[in-house]
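Okay, so here's the structure we're looking at.
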Amino acid sequence: MSLLLLLSACTSGTGDSSRSRPGRDDTDTSGTDTSDSDTAPIPFTLTGPSVLPLPYVTVGQPAPSAPFTLTAVGDTGSPGDLSVHVDGPFTVDLDTSPMSPGESRVGTLTSTSATSTPGITSGTLTVSAGDQALPIDLASVVGDPAIPAASTWESDDWGSCTTLDLPSAPFPYGSAPYTDSSVKICVPKGLSDRGDIGVVSHFHGFNATIDEVDDYQGLHAQVSLSGRDAILILPQGPVEASDGDFGRLDTADGLAHLVRDALSVLYRDGVVSRPVVGPVVLTSHSGGYSGTANAIEVGGLPITAVHLFDSVYGEESTFAAFAEDGGVLRSSYTSGGGTDDNNLALATTLRNAGVDVNTAFTDDVLRHGPVTIGFIDSAHGDTLSDDRSYARWLVASGIPRRPTAAPELLSTLETAGQATVTWRSDGDFRAVVEGSDDGNTWSVLTTTTRATASVTPHPFLRVRADEPDAAPSDAYGTSGDQWLIVDGFDRIFGGSWTAPTHDFAARMGSALGANGATWSVASNEAVAEGDVALGDYDHVLWLLGDESTADRTFEDRERNVIEDYVSAGGTFVVSGSEVGYATGSWLKSTLHATYVSDDAGTTGVEGWTMGVTYPEDFPDVLDGDDVLWTYATGGGAAVGWHQKVVVIGFAIETLDQPDRAAAIGDLLTWLG
């Protein structure tokens, strides 16, 4: 079987993905208690491993083999002989005579693939007895001997990465800047290894190194944040050079060879046991467009999605053909990047070919439209990191979610004494809804396969997948419908709060509750997409945290609904340490607050201390019709208008619990 066929067409077997996860003992050898003669016999069950990875070998070494154990659980033994079926280049040596109750039997699996060239093979072994069939996924890897013998993995809150020289790297070609054969491979926390492995490969722009790109644009963190079950491969192109040459990746099967070597490293190091390629997404920034186009045309792997971040300096026909063939295509341009005309021409070509082309990069549009080409208000170098664009685009790329990824909580609304909890539908998974009175001790309220549930109201509510070690969502909560708290705090990169989720909306709800008010919570996305209406609530508290210009404090749809709400006389309170700096003239025209300066130079306000929950670095100084609170250094910390609108120049959730309750009490008094 050819390398290309192996990489693109191998299957990981037909077994139930709910079988035991890698790293566990998949064989049940427990005995049965037959001391009670009145107990019905335990029926026969055949157990064994769910996946059988053969030892890693390199070119020229003998074909690998490995033992495996089957166990007959129950009181009756197998109903006759075992039958064995192998799908793939493997042979099995196994005694197929009937098994006795409790018997464990050892067989041997051997690869029949040649070891003369690098390659990855997979298949399935199915052992049957009577009406039972036990599928076992099989894998074997023959690595390139030029792959370094050892990897150094570095871990952070998002996952683990290693950088090593690979024989399939774009270079070396002999002279600078083409002598660096580094490839960075990153694995997000919770990669499932249950089926085909999603692959994201990024082609960087001019004058860059892979470490600089990853650090500045937060690529491996954003892959993890996206919740996709995928690895990230970052090949080094020309080092710090104004050159879009990607060497071997520009040649036939270059991408397939790179992915093969990356998966070989992960298999050898025990990170994955099923090294089979799943959906492949190519991403590029700036001058990485030509390497991306070549990978589409001759890379040797089918491509699911292509994301071009201010990167269409050419190759429009390749990208158009990809989208016309049904590929997912996203492409952005900026005011100063120089790709605007090419992007507009690409969009015109696709529309003329009958392809629907969206222009907005909102979450709902990305999820429901396969082609988006449009303008984003970012600097050229910030197109991947601003507004978590890299992560958000990946969500809608055809790569399945990681089973343990945190769901995106949308709202917790009180209706007729019940809490309706809603989260983003993102593939099929069983969700667990949990409630808490204090945000520390949680109890299961319900489980469901739907994306909504009705439960007893709790001040803290969250959702997680029904999986071991699954990450929980943000924590919201509800007690009634007097106030709607809008969680608009999405900043993770470059700010003071760096965890992927938070419970700030629930904490602020508790502060309202301490003052006798009731509340529900919605995300800003739920409001922008029209799923939750501000007009259904008399009072709104909108939390921005330390979101700044890169995070889009208020996007256009949010501004529209806020304008309508304020015009209709609703009570609107917004809190954020960059609300003045990042919002501009709209703050004054709609919310009647004036931005004075970026940093009050203190953590003190009205005798309270900011920055307890997370650091409060740059609280905005504001002015307005009525200055409600003043910083310890002077200047307005919160300003109000007509006892209907309040703008707070710091993140109110950074106060400790007593101060939060006191601050909310003071606001409620002023609002009447």
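The values are calculated or read from the model by the stated rules, or taken from the named source; none is laboratory data. Bear in mind that the values here come from a model prediction, so they are computed numbers and not experimental data. Neighbour counts run over all protein chains shown; Cβ positions are idealised from the backbone, glycine included.
Per-residue answers, yes or no, for (1) β-branched (Val, Ile, Thr); (2) surrounded by fewer than 18 Cβ atoms within 10 Å (Cβ to Cβ):
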residue: Val574; (1), (2): yes, no
residue: Gly580; (1), (2): no, no
residue: Thr583; (1), (2): yes, no
residue: Ala600; (1), (2): no, no
residue: Pro615; (1), (2): no, yes
residue: Asp623; (1), (2): no, yes
residue: Asp626; (1), (2): no, yes
Please list, ordered by first then second residue, the pairs with beta carbon atoms under 6 Å, 6 or more apart or interchain, first in segment 234-247 and farther than 17 Å from Gly314 by Cβ, second in a helix (DSSP H, G or I) and hydrophobic (A, V, I, L, M, F, W, C). Leu234/Ile210; Gln236/Ile210
Among the residues of segment 71-90, write down those that are among the aliphatic types (A, V, I, L, M) and under 37 Å from the mean Cα position of the chain (by Cα). Val86
Going by what's in this entry, would Val646 be described as assigned to a strand (DSSP E or B) and buried (at least 18 other Cβ atoms within 10 Å of the Cβ)? yes
Just checking, which of Pro98, Pro55 is modelled with pLDDT of 95 or more and closer than 25 Å to Val276 by Cα? Pro55
For segment 330-360, name all the residues that are over 23 Å from Gly288 (Cβ atoms) and charged (D, E, K, R). Arg351, Asp356
Does segment 179-187 contain at least one residue that is outside the structural domain of Val51 (by TED's automatic domain parsing) and more than 23 Å from Gly247 (Cα to Cα)? yes
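For segment 213-225, give me each residue that is in contact (Cβ under 8 Å) with a residue 24 or more places away in the chain, surrounded by fewer than 24 Cβ atoms within 10 Å (Cβ to Cβ) and not hydrophobic (A, V, I, L, M, F, W, C).
Asp214, Tyr216, Gly218, listed by residue number.
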Sort through Ser311, Ser284 and tell me the only one that's under 20 Å from Arg392 (Cα atoms) and assigned to a loop (DSSP other than H, G, I, E, B). Ser311
Looking at Thr115, is it under 21 Å from His257 (Cα atoms), surrounded by fewer than 22 Cβ atoms within 10 Å (Cβ to Cβ) and touching a residue at least 24 places away in the same chain (Cβ under 8 Å)? yes
Test each condition in (1) assigned to a loop (DSSP other than H, G, I, E, B); (2) modelled with pLDDT of 50 or more for Thr71 and report the one that comes out false. (1)
I'd like to check something: does segment 557-570 contain any residue that is surrounded by 22 or more Cβ atoms within 10 Å (Cβ to Cβ) and closer than 26 Å to Ala405 by Cβ? no
Here is a check on your reading of the model: is Thr412 in contact with a Ser or Thr (Cβ under 7 Å, 6 or more places away or on another chain), assigned to a strand (DSSP E or B), among the polar types (S, T, N, Q) and modelled with pLDDT of 95 or more? yes
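This table checks each residue for (1) within 27 Å of the chain's Cα centre (by Cα); (2) more than 14 Å from Leu255 (Cβ to Cβ); (3) of a type in the set (Asp, Glu); (4) surrounded by fewer than 17 Cβ atoms within 10 Å (Cβ to Cβ).
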{"position": "Val280", "(1), (2), (3), (4)": "yes, no, no, no"}
{"position": "His285", "(1), (2), (3), (4)": "yes, yes, no, no"}
{"position": "Ala293", "(1), (2), (3), (4)": "yes, no, no, no"}
{"position": "Thr334", "(1), (2), (3), (4)": "yes, yes, no, no"}
{"position": "Leu350", "(1), (2), (3), (4)": "no, yes, no, no"}
How many residues does segment 426-449 hold that are farther than 18 Å from Trp519 by Cβ, touching a strand residue (DSSP E or B) at 6+ places or on another chain (Cβ under 8 Å) and part of a loop (DSSP other than H, G, I, E, B)? 6
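Quick one: would you say Val463 is in a strand (DSSP E or B), assigned by TED's automatic domain parsing to the domain that holds Leu655 and in contact with a Ser or Thr (Cβ under 9 Å, 6 or more places away or on another chain)?
No; evaluated as a whole, the condition is false for this residue.
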Can you tell me which residue in segment 406-457 is surrounded by the fewest Cβ atoms within 10 Å (Cβ to Cβ), limited to those that are basic (Lys, Arg) and within 15 Å of Ser473 (Cα to Cα)? Arg430
Being buried (at least 22 other Cβ atoms within 10 Å of the Cβ) and in contact with a helix residue (DSSP H, G or I) (Cβ under 8 Å, 6 or more places away or on another chain) narrows it down to one of Val265, Val306, so name that one. Val306
Tell me, which residue of segment 483-503 that is of a type in the set (A, V, I, L, M, F, W, C) and surrounded by 24 or more Cβ atoms within 10 Å (Cβ to Cβ) is farthest from Pro472 (Cα to Cα)? Trp483
